[in-house]
Amino acid sequence: MKWFIFFGVIFIIIITGCTKNTEFSEDCVEGVTCNVLDVNQSFSVDRSSDVEKIEVIHFHGTNQCFSCRTVGAFAEKTVNTYYTGLLDSGKMTFASINTELPENKDLAIKYGVSGSSLWIGTYINGEFHKEENVNVWYKVNDEDDYLLYLKGVLDKRLAGDLS
Amino acid sequence: MGLMAFMEIMGTSNIAIVAAFFIGLMTALSPCPLATNITAIAYTSKRIHNSKHTLIVGFLYTFGRMFSYTLIASLIVWFGLSTQTISFFLQKYGERLLGPLLLIIGMFMLGFIKLSFFKGSSGLNKLKEKLAKRGYLGSFLLGVVFALAFCPFSAVLFFGMLIPLALRAGDALIVPSVFAFATGLPVIIFSFILVYGVSKLSSILNKVQLFDKWMRRIVGVIFILIGIYYISLLF
(Lines give C-alpha, C1' and ligand atoms only; values in the text may rest on other atoms or scores of the structure.)
Protein backbone atom coordinates (compact mmCIF):
# COMPACT_ATOMS: atom_id res chain seq x y z
CA MET A 1 0.00 0.00 0.00
CA LYS A 2 2.90 2.36 0.85
CA TRP A 3 4.32 1.70 -2.59
CA PHE A 4 1.00 2.54 -4.20
CA ILE A 5 0.77 5.85 -2.33
CA PHE A 6 4.39 6.61 -3.29
CA PHE A 7 3.75 6.02 -7.02
CA GLY A 8 0.47 7.95 -6.81
CA VAL A 9 2.22 10.99 -5.36
CA ILE A 10 4.94 10.79 -8.06
CA PHE A 11 2.28 10.69 -10.77
CA ILE A 12 0.37 13.66 -9.33
CA ILE A 13 3.63 15.64 -9.20
CA ILE A 14 4.28 14.77 -12.83
CA ILE A 15 0.86 15.73 -14.17
CA THR A 16 0.54 18.92 -12.18
CA GLY A 17 3.77 20.24 -13.72
CA CYS A 18 1.65 21.57 -16.55
CA THR A 19 3.40 22.38 -19.82
CA LYS A 20 2.55 25.18 -22.19
CA ASN A 21 1.89 24.46 -25.86
CA THR A 22 3.96 27.03 -27.67
CA GLU A 23 4.41 27.71 -31.36
CA PHE A 24 7.24 25.83 -32.96
CA SER A 25 8.76 25.77 -36.39
CA GLU A 26 9.72 22.18 -37.25
CA ASP A 27 12.43 23.09 -39.76
CA CYS A 28 14.51 24.64 -36.96
CA VAL A 29 14.99 21.19 -35.47
CA GLU A 30 15.03 18.92 -38.44
CA GLY A 31 17.41 21.01 -40.48
CA VAL A 32 15.15 20.77 -43.52
CA THR A 33 15.78 23.53 -46.02
CA CYS A 34 12.21 24.13 -47.19
CA ASN A 35 9.59 26.10 -45.32
CA VAL A 36 7.31 24.31 -42.92
CA LEU A 37 3.98 25.72 -41.94
CA ASP A 38 2.54 24.61 -38.67
CA VAL A 39 -0.99 23.25 -39.21
CA ASN A 40 -2.21 25.47 -36.38
CA GLN A 41 -0.88 28.57 -38.09
CA SER A 42 -3.51 31.00 -39.31
CA PHE A 43 -3.06 31.82 -43.00
CA SER A 44 -6.40 32.37 -44.65
CA VAL A 45 -5.63 34.85 -47.43
CA ASP A 46 -7.11 33.76 -50.78
CA ARG A 47 -4.16 33.01 -53.03
CA SER A 48 -5.78 30.37 -55.24
CA SER A 49 -4.18 31.75 -58.37
CA ASP A 50 -0.73 31.35 -56.79
CA VAL A 51 -1.05 27.61 -56.14
CA GLU A 52 1.10 25.91 -58.72
CA LYS A 53 0.92 22.29 -57.64
CA ILE A 54 -0.18 20.04 -54.78
CA GLU A 55 1.54 16.76 -53.95
CA VAL A 56 -0.30 14.20 -51.83
CA ILE A 57 2.18 11.57 -50.71
CA HIS A 58 1.67 8.45 -48.65
CA PHE A 59 5.02 7.39 -47.18
CA HIS A 60 5.34 3.85 -45.86
CA GLY A 61 7.82 1.07 -45.16
CA THR A 62 8.03 -2.34 -46.81
CA ASN A 63 6.04 -3.94 -43.97
CA GLN A 64 2.83 -1.99 -43.57
CA CYS A 65 0.27 -2.18 -40.78
CA PHE A 66 -3.46 -2.35 -41.60
CA SER A 67 -4.04 1.31 -40.68
CA CYS A 68 -0.97 2.36 -42.70
CA ARG A 69 -2.35 0.69 -45.84
CA THR A 70 -5.79 2.19 -45.21
CA VAL A 71 -4.43 5.74 -44.82
CA GLY A 72 -2.74 5.41 -48.23
CA ALA A 73 -5.68 3.70 -49.96
CA PHE A 74 -8.23 6.27 -48.75
CA ALA A 75 -5.95 9.17 -49.70
CA GLU A 76 -5.57 7.76 -53.21
CA LYS A 77 -9.33 7.25 -53.43
CA THR A 78 -9.95 10.86 -52.32
CA VAL A 79 -7.67 12.21 -55.04
CA ASN A 80 -9.07 9.88 -57.72
CA THR A 81 -12.68 10.61 -56.75
CA TYR A 82 -12.64 14.39 -56.44
CA TYR A 83 -9.66 15.66 -58.40
CA THR A 84 -9.48 13.75 -61.70
CA GLY A 85 -9.23 16.96 -63.70
CA LEU A 86 -6.36 18.27 -61.59
CA LEU A 87 -4.59 14.90 -61.79
CA ASP A 88 -4.84 14.99 -65.59
CA SER A 89 -3.52 18.54 -65.75
CA GLY A 90 -0.70 17.69 -63.33
CA LYS A 91 -1.74 20.35 -60.81
CA MET A 92 -2.26 17.59 -58.25
CA THR A 93 -0.29 14.36 -57.87
CA PHE A 94 -0.61 11.35 -55.65
CA ALA A 95 2.28 9.02 -54.84
CA SER A 96 2.78 6.04 -52.58
CA ILE A 97 6.43 6.03 -51.57
CA ASN A 98 8.35 3.22 -49.90
CA THR A 99 10.89 4.99 -47.68
CA GLU A 100 13.06 1.88 -47.44
CA LEU A 101 13.98 2.00 -51.12
CA PRO A 102 17.25 3.90 -51.79
CA GLU A 103 15.76 5.82 -54.73
CA ASN A 104 13.17 7.41 -52.39
CA LYS A 105 15.65 8.55 -49.75
CA ASP A 106 15.92 12.12 -51.03
CA LEU A 107 12.16 12.61 -51.10
CA ALA A 108 11.84 11.21 -47.56
CA ILE A 109 14.53 13.65 -46.39
CA LYS A 110 12.86 16.55 -48.22
CA TYR A 111 9.62 15.91 -46.35
CA GLY A 112 11.30 14.94 -43.05
CA VAL A 113 9.36 11.69 -42.88
CA SER A 114 9.72 9.62 -39.70
CA GLY A 115 7.59 6.63 -40.69
CA SER A 116 4.28 5.75 -42.26
CA SER A 117 2.52 9.05 -42.87
CA LEU A 118 0.41 11.21 -45.17
CA TRP A 119 1.94 14.46 -46.36
CA ILE A 120 0.64 17.33 -48.43
CA GLY A 121 3.16 19.45 -50.29
CA THR A 122 1.93 22.76 -51.68
CA TYR A 123 3.89 24.76 -54.23
CA ILE A 124 2.63 28.30 -53.92
CA ASN A 125 4.03 31.56 -55.20
CA GLY A 126 7.42 29.97 -55.83
CA GLU A 127 7.61 28.48 -52.34
CA PHE A 128 7.18 24.97 -51.07
CA HIS A 129 5.14 24.20 -47.96
CA LYS A 130 4.85 20.73 -46.49
CA GLU A 131 2.61 19.39 -43.76
CA GLU A 132 2.06 16.01 -42.21
CA ASN A 133 -1.61 15.29 -41.64
CA VAL A 134 -2.05 13.15 -38.52
CA ASN A 135 -5.84 13.61 -38.26
CA VAL A 136 -6.40 11.05 -41.02
CA TRP A 137 -5.24 8.31 -38.63
CA TYR A 138 -8.35 8.88 -36.53
CA LYS A 139 -10.56 8.35 -39.59
CA VAL A 140 -9.32 5.01 -40.94
CA ASN A 141 -12.43 3.25 -39.63
CA ASP A 142 -14.81 5.55 -41.52
CA GLU A 143 -14.10 5.88 -45.24
CA ASP A 144 -16.74 8.57 -45.92
CA ASP A 145 -15.49 10.70 -43.04
CA TYR A 146 -11.90 10.27 -44.22
CA LEU A 147 -12.67 11.21 -47.84
CA LEU A 148 -14.72 14.26 -46.90
CA TYR A 149 -12.15 15.43 -44.38
CA LEU A 150 -9.19 15.12 -46.78
CA LYS A 151 -11.22 16.76 -49.58
CA GLY A 152 -11.86 19.69 -47.23
CA VAL A 153 -8.13 20.03 -46.50
CA LEU A 154 -7.15 19.77 -50.19
CA ASP A 155 -9.83 22.28 -51.24
CA LYS A 156 -8.36 24.76 -48.77
CA ARG A 157 -4.84 24.21 -50.06
CA LEU A 158 -6.05 24.66 -53.65
CA ALA A 159 -7.62 27.95 -52.60
CA GLY A 160 -4.27 29.03 -51.23
CA ASP A 161 -5.38 28.65 -47.64
CA LEU A 162 -2.54 27.03 -45.71
CA SER A 163 -4.19 27.21 -42.28
CA MET B 1 -19.92 11.16 -30.99
CA GLY B 2 -17.90 8.06 -31.86
CA LEU B 3 -14.94 6.83 -29.87
CA MET B 4 -12.42 7.78 -32.57
CA ALA B 5 -13.90 11.27 -32.90
CA PHE B 6 -13.53 11.66 -29.14
CA MET B 7 -9.94 10.35 -29.27
CA GLU B 8 -9.18 12.79 -32.09
CA ILE B 9 -10.51 15.77 -30.14
CA MET B 10 -8.58 14.76 -27.02
CA GLY B 11 -5.45 13.69 -28.93
CA THR B 12 -5.27 17.05 -30.69
CA SER B 13 -6.05 19.08 -27.57
CA ASN B 14 -4.15 22.34 -27.07
CA ILE B 15 -3.26 21.18 -23.56
CA ALA B 16 -0.13 19.14 -24.22
CA ILE B 17 -0.46 16.66 -21.35
CA VAL B 18 -4.12 15.92 -22.21
CA ALA B 19 -3.17 15.26 -25.84
CA ALA B 20 -0.18 13.14 -24.72
CA PHE B 21 -2.38 11.04 -22.45
CA PHE B 22 -4.89 10.24 -25.19
CA ILE B 23 -2.21 9.56 -27.82
CA GLY B 24 -0.76 7.17 -25.23
CA LEU B 25 -4.12 5.44 -24.83
CA MET B 26 -4.36 5.05 -28.62
CA THR B 27 -0.86 3.56 -28.57
CA ALA B 28 -1.73 1.14 -25.76
CA LEU B 29 -4.56 -0.27 -27.85
CA SER B 30 -2.68 -0.49 -31.16
CA PRO B 31 -1.53 -4.01 -32.19
CA CYS B 32 2.15 -4.08 -31.20
CA PRO B 33 1.98 -2.30 -27.84
CA LEU B 34 -1.14 -4.34 -27.08
CA ALA B 35 0.86 -7.53 -27.63
CA THR B 36 3.70 -6.30 -25.43
CA ASN B 37 1.21 -5.19 -22.76
CA ILE B 38 -0.42 -8.62 -22.74
CA THR B 39 3.04 -10.09 -22.19
CA ALA B 40 3.65 -7.61 -19.37
CA ILE B 41 0.29 -8.42 -17.77
CA ALA B 42 1.26 -12.08 -17.84
CA TYR B 43 4.59 -11.17 -16.27
CA THR B 44 3.00 -9.17 -13.44
CA SER B 45 0.75 -12.09 -12.62
CA LYS B 46 3.67 -14.49 -12.15
CA ARG B 47 3.41 -14.26 -8.37
CA ILE B 48 -0.26 -13.57 -8.18
CA HIS B 49 -0.63 -14.51 -4.51
CA ASN B 50 1.49 -11.49 -3.57
CA SER B 51 -0.68 -8.44 -4.28
CA LYS B 52 2.02 -5.92 -3.34
CA HIS B 53 4.48 -7.58 -5.70
CA THR B 54 2.01 -7.61 -8.61
CA LEU B 55 1.26 -3.89 -8.25
CA ILE B 56 4.91 -2.89 -7.92
CA VAL B 57 5.84 -4.94 -10.97
CA GLY B 58 3.00 -3.28 -12.96
CA PHE B 59 4.18 0.19 -12.01
CA LEU B 60 7.86 -0.61 -12.62
CA TYR B 61 7.00 -1.87 -16.10
CA THR B 62 5.31 1.49 -16.78
CA PHE B 63 8.35 3.34 -15.38
CA GLY B 64 10.52 1.31 -17.76
CA ARG B 65 8.41 2.54 -20.69
CA MET B 66 8.60 6.06 -19.28
CA PHE B 67 12.42 5.83 -19.19
CA SER B 68 12.67 4.85 -22.87
CA TYR B 69 10.16 7.38 -24.19
CA THR B 70 11.69 10.19 -22.16
CA LEU B 71 15.17 9.22 -23.35
CA ILE B 72 14.13 9.29 -27.02
CA ALA B 73 12.23 12.56 -26.58
CA SER B 74 15.24 14.12 -24.81
CA LEU B 75 17.56 13.13 -27.65
CA ILE B 76 15.24 14.87 -30.11
CA VAL B 77 13.98 17.88 -28.12
CA TRP B 78 17.07 18.77 -26.08
CA PHE B 79 19.95 17.34 -28.11
CA GLY B 80 18.52 18.05 -31.56
CA LEU B 81 18.85 14.54 -32.97
CA SER B 82 16.84 13.92 -36.12
CA THR B 83 13.42 12.35 -35.54
CA GLN B 84 13.81 10.64 -38.89
CA THR B 85 17.11 8.93 -37.98
CA ILE B 86 15.92 7.65 -34.60
CA SER B 87 12.53 6.59 -35.92
CA PHE B 88 13.89 4.59 -38.85
CA PHE B 89 16.58 3.00 -36.67
CA LEU B 90 14.11 1.85 -34.00
CA GLN B 91 11.54 0.68 -36.53
CA LYS B 92 14.23 -1.33 -38.31
CA TYR B 93 15.95 -2.94 -35.33
CA GLY B 94 13.47 -2.72 -32.41
CA GLU B 95 10.90 -4.97 -34.02
CA ARG B 96 13.55 -7.42 -35.28
CA LEU B 97 15.13 -7.89 -31.86
CA LEU B 98 11.93 -8.12 -29.84
CA GLY B 99 10.60 -11.42 -31.25
CA PRO B 100 13.74 -13.49 -30.65
CA LEU B 101 14.20 -11.83 -27.24
CA LEU B 102 10.68 -12.78 -26.10
CA LEU B 103 11.21 -16.28 -27.42
CA ILE B 104 14.40 -16.67 -25.38
CA ILE B 105 12.80 -15.20 -22.22
CA GLY B 106 9.82 -17.56 -22.63
CA MET B 107 12.12 -20.57 -22.99
CA PHE B 108 14.06 -19.39 -19.95
CA MET B 109 10.84 -19.18 -17.92
CA LEU B 110 9.81 -22.65 -18.96
CA GLY B 111 13.23 -23.98 -17.93
CA PHE B 112 14.43 -24.89 -21.42
CA ILE B 113 17.40 -22.52 -20.97
CA LYS B 114 19.28 -22.16 -17.70
CA LEU B 115 21.42 -19.12 -16.87
CA SER B 116 24.01 -18.77 -14.13
CA PHE B 117 24.76 -15.06 -14.43
CA PHE B 118 23.75 -14.24 -10.88
CA LYS B 119 25.88 -16.79 -9.07
CA GLY B 120 28.57 -14.31 -8.00
CA SER B 121 29.38 -13.57 -4.38
CA SER B 122 29.91 -9.81 -4.50
CA GLY B 123 27.41 -7.39 -2.95
CA LEU B 124 26.31 -6.11 -6.35
CA ASN B 125 25.62 -9.60 -7.59
CA LYS B 126 23.61 -10.37 -4.46
CA LEU B 127 21.53 -7.25 -5.03
CA LYS B 128 21.03 -8.21 -8.67
CA GLU B 129 19.99 -11.68 -7.57
CA LYS B 130 17.51 -10.28 -5.07
CA LEU B 131 15.98 -7.89 -7.62
CA ALA B 132 15.91 -10.53 -10.33
CA LYS B 133 14.20 -13.03 -8.06
CA ARG B 134 11.52 -10.54 -7.19
CA GLY B 135 11.13 -9.62 -10.83
CA TYR B 136 11.53 -5.89 -10.15
CA LEU B 137 14.54 -5.44 -12.39
CA GLY B 138 12.94 -7.67 -15.02
CA SER B 139 9.71 -5.69 -15.09
CA PHE B 140 11.55 -2.37 -15.44
CA LEU B 141 13.76 -3.74 -18.22
CA LEU B 142 10.74 -5.28 -19.90
CA GLY B 143 9.15 -1.81 -20.02
CA VAL B 144 12.37 -0.28 -21.39
CA VAL B 145 12.72 -2.89 -24.15
CA PHE B 146 9.02 -3.07 -25.08
CA ALA B 147 8.82 0.70 -25.46
CA LEU B 148 11.72 0.63 -27.93
CA ALA B 149 10.01 -1.90 -30.20
CA PHE B 150 8.19 0.35 -32.64
CA CYS B 151 5.79 -1.07 -35.17
CA PRO B 152 4.64 1.15 -38.07
CA PHE B 153 1.48 2.34 -36.30
CA SER B 154 3.02 2.92 -32.88
CA ALA B 155 5.80 4.86 -34.66
CA VAL B 156 3.14 7.09 -36.25
CA LEU B 157 1.66 7.83 -32.84
CA PHE B 158 4.98 8.45 -31.12
CA PHE B 159 7.09 10.13 -33.80
CA GLY B 160 4.22 11.66 -35.81
CA MET B 161 2.02 12.90 -32.98
CA LEU B 162 3.79 12.87 -29.61
CA ILE B 163 7.23 14.15 -30.63
CA PRO B 164 5.80 17.22 -32.48
CA LEU B 165 3.74 17.86 -29.35
CA ALA B 166 6.85 17.63 -27.14
CA LEU B 167 8.73 19.90 -29.55
CA ARG B 168 5.97 22.51 -29.51
CA ALA B 169 5.87 22.38 -25.72
CA GLY B 170 9.69 22.36 -25.59
CA ASP B 171 9.39 19.55 -23.07
CA ALA B 172 11.02 16.13 -23.16
CA LEU B 173 10.08 15.03 -19.67
CA ILE B 174 6.46 15.57 -18.70
CA VAL B 175 4.77 15.09 -22.08
CA PRO B 176 6.54 11.75 -22.83
CA SER B 177 6.02 10.62 -19.21
CA VAL B 178 2.27 11.20 -19.40
CA PHE B 179 2.24 9.40 -22.76
CA ALA B 180 4.20 6.48 -21.26
CA PHE B 181 1.87 6.28 -18.27
CA ALA B 182 -1.10 5.98 -20.65
CA THR B 183 0.62 3.26 -22.69
CA GLY B 184 1.24 1.27 -19.50
CA LEU B 185 -2.20 1.97 -18.04
CA PRO B 186 -3.77 -1.33 -19.22
CA VAL B 187 -1.03 -3.21 -17.38
CA ILE B 188 -1.65 -1.26 -14.17
CA ILE B 189 -5.44 -1.71 -14.45
CA PHE B 190 -5.10 -5.43 -15.10
CA SER B 191 -2.65 -5.71 -12.22
CA PHE B 192 -5.36 -4.30 -9.94
CA ILE B 193 -7.95 -6.67 -11.36
CA LEU B 194 -5.59 -9.61 -10.97
CA VAL B 195 -4.67 -8.65 -7.44
CA TYR B 196 -8.22 -8.27 -6.22
CA GLY B 197 -9.74 -11.01 -8.33
CA VAL B 198 -7.55 -13.97 -9.11
CA SER B 199 -5.52 -13.86 -5.89
CA LYS B 200 -8.69 -14.01 -3.81
CA LEU B 201 -9.95 -16.89 -5.90
CA SER B 202 -6.72 -18.80 -5.43
CA SER B 203 -6.82 -18.14 -1.67
CA ILE B 204 -10.44 -19.26 -1.45
CA LEU B 205 -9.56 -22.43 -3.29
CA ASN B 206 -6.52 -22.75 -1.01
CA LYS B 207 -4.35 -23.65 -3.98
CA VAL B 208 -1.89 -20.75 -4.04
CA GLN B 209 1.16 -22.92 -4.80
CA LEU B 210 -0.60 -24.65 -7.67
CA PHE B 211 -1.78 -21.29 -9.10
CA ASP B 212 1.76 -19.90 -8.96
CA LYS B 213 3.25 -22.95 -10.63
CA TRP B 214 0.78 -22.86 -13.51
CA MET B 215 0.95 -19.08 -13.80
CA ARG B 216 4.73 -19.28 -14.41
CA ARG B 217 4.21 -21.87 -17.14
CA ILE B 218 1.42 -19.85 -18.78
CA VAL B 219 3.60 -16.72 -18.70
CA GLY B 220 6.42 -18.61 -20.42
CA VAL B 221 4.05 -19.83 -23.12
CA ILE B 222 2.64 -16.29 -23.62
CA PHE B 223 6.18 -14.92 -24.06
CA ILE B 224 6.93 -17.58 -26.68
CA LEU B 225 3.64 -16.99 -28.54
CA ILE B 226 4.08 -13.20 -28.62
CA GLY B 227 7.72 -13.73 -29.66
CA ILE B 228 6.53 -15.87 -32.57
CA TYR B 229 3.96 -13.17 -33.45
CA TYR B 230 6.71 -10.55 -33.66
CA ILE B 231 8.99 -12.82 -35.68
CA SER B 232 6.08 -13.52 -38.09
CA LEU B 233 5.71 -9.76 -38.70
CA LEU B 234 9.16 -9.75 -40.28
CA PHE B 235 8.15 -12.11 -43.07
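The values are calculated or read from the model by the stated rules, or taken from the named source; none is laboratory data. None of these values were measured; they are calculated from a predicted model. Quick reminder, even Gly has a Cβ in these numbers, built from the backbone with ideal geometry, and neighbours come from all protein chains shown.
Structure summary
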item	result
Residue in the range B:156-175 that is under 15 Å from the mean Cα position of the chain (by Cα), modelled with pLDDT of 90 or more and buried (at least 22 other Cβ atoms within 10 Å of the Cβ) present	yes
Scope the range A:92-112; condition under 14 Å from A:Ile54 (Cα atoms) and touching a residue at least 40 places away in the same chain (Cβ under 8 Å); matching residues	A:Met92, A:Thr93, A:Ala95, A:Tyr111
Total residues in the range B:5-63, condition closer than 30 Å to A:Cys68 by Cα, outside any helix (DSSP H, G or I) and among the hydrophobic types (A, V, I, L, M, F, W, C)	1
Flag if B:Leu127 is modelled with pLDDT under 85 and among the hydrophobic types (A, V, I, L, M, F, W, C)	yes
Criterion: of a type in the set (Phe, Trp, Tyr), surrounded by fewer than 23 Cβ atoms within 10 Å (Cβ to Cβ) and not in a helix (DSSP H, G or I) - qualifying residue of B:Phe89, B:Phe108, B:Phe112	B:Phe112
Hits in the range B:149-163 - residues which are more than 7 Å from chain A (Cβ to nearest Cβ), outside any loop (DSSP other than H, G, I, E, B) and farther than 15 Å from B:Leu25 by Cα	B:Ile163
Residue satisfying condition, being touching a residue at least 24 places away in the same chain (Cβ under 8 Å), loosely packed, with under 15 Cβ neighbours inside 10 Å and charged (D, E, K, R), within set A:Glu127, A:Glu131	A:Glu127
Residues located in the range B:6-41, provided they are more than 9 Å from chain A (Cβ to nearest Cβ), surrounded by fewer than 20 Cβ atoms within 10 Å (Cβ to Cβ) and closer than 26 Å to B:Leu110 by Cβ	B:Leu34, B:Ile38
Those residues of the range A:144-153 which are away from chain B (no Cβ under 13 Å), over 16 Å from A:Phe59 (Cβ atoms) and touching a residue at least 12 places away in the same chain (Cβ under 8 Å), in sequence order	A:Leu147, A:Lys151, A:Val153
Hits in the range B:176-193 - residues which are modelled with pLDDT of 90 or more, touching a Gly at 6+ places or on another chain (Cβ under 7 Å) and among the polar types (S, T, N, Q)	B:Thr183
Failed criterion for B:Ser82 (all others in (1) facing chain A (nearest Cβ under 9 Å); (2) within 13 Å of B:Leu148 (Cβ to Cβ); (3) free of Cβ contacts under 8 Å to residues at least 24 places away in the same chain hold)	(2)
Condition broken by A:Val140, with the remaining ones in (1) crowded, with 17+ Cβ neighbours inside 10 Å; (2) modelled with pLDDT under 95; (3) farther than 25 Å from B:Ala19 by Cβ satisfied	(3)
Qualifying position, being within 14 Å of chain B (Cβ to nearest Cβ) and touching a helix residue (DSSP H, G or I) at 6+ places or on another chain (Cβ under 9 Å), among A:Val51, A:Val79, A:Val56, A:Val113	A:Val113
Residue count for the range B:77-109, restricted to those that are at pLDDT below 80 and in contact with a Gly (Cβ under 7 Å, 6 or more places away or on another chain)	1
